[in-house]
Amino acid sequence: MSLELKVGAVVLVAIAVAAGFILNMNDTMGFFGSPTDVYRVEVAFTSVSGLGLEAIVRLSGVYIGRVEAIALTDDGLAVVTLRINNDVTLRADATASVASEGLLGEKYLEISAGTSASPVVTDGGSILPGALVSLDQMVAVMNNIGAAVQEMPNALRTVFGSAAGDDRKRVV
């Protein structure tokens, strides 16, 4: 066997081993078939604005899985399928909310822990959607607060700076 053939065989084996390790590291695909280290849970939202496939799923801030699929129902709901690590136990009264890494950061799903009295969610089960707070809602609230702050000097001027206010000062 020539030296070139031996080197080529070693390189091919090394590439095959590296490809196997890369495929096995992915939490969605087992090396020899379907994954055994995750289970799937669904959540139906009215809006998942900004959430994408493969978004991170966290429980109490700790990584527990990823978003596998987002589908729209006939009712206009967005059903999000989550891949949750098998070592994590979710309860039926747990809730999921779309959260953001800072003001303009990446969107992810934050799961709130359910109670121990609630049944455990199994593969194909579902949990409840949490309260939806979008960036648009936050901006609208901030605009309302800003408008109220701008009106405050006018209100103070009316109370303390009018002729009636001057008359009250003199009487006292």
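The values are calculated or read from the model by the stated rules, or taken from the named source; none is laboratory data. Computed from a predicted structure; not experimentally measured. These area figures cover heavy atoms from the full protein model, side chains too; ligands, DNA and RNA do not enter into them. Shrake-Rupley method; radii C 1.70, N 1.55, O 1.52, S 1.80 Å.
Percent of accessible area on the range 66-113 owned by carbon and sulfur, 1.4 Å probe? Present the calculation step by step, with values, prior to reporting the outcome.
Details: 1210 of 2440 Å².
With neighbouring chains kept in place, the figure for the range 66-113 is 50 percent.
Using a 1.4 angstrom probe with every protein chain in place, what is the largest-first accessible-area order of D87, D37, D93, D123?
Details: D87 130, D37 80, D93 55, D123 105 Å².
If we order D87, D37, D93, D123 from most to least accessible, we get D87, D123, D37, D93.
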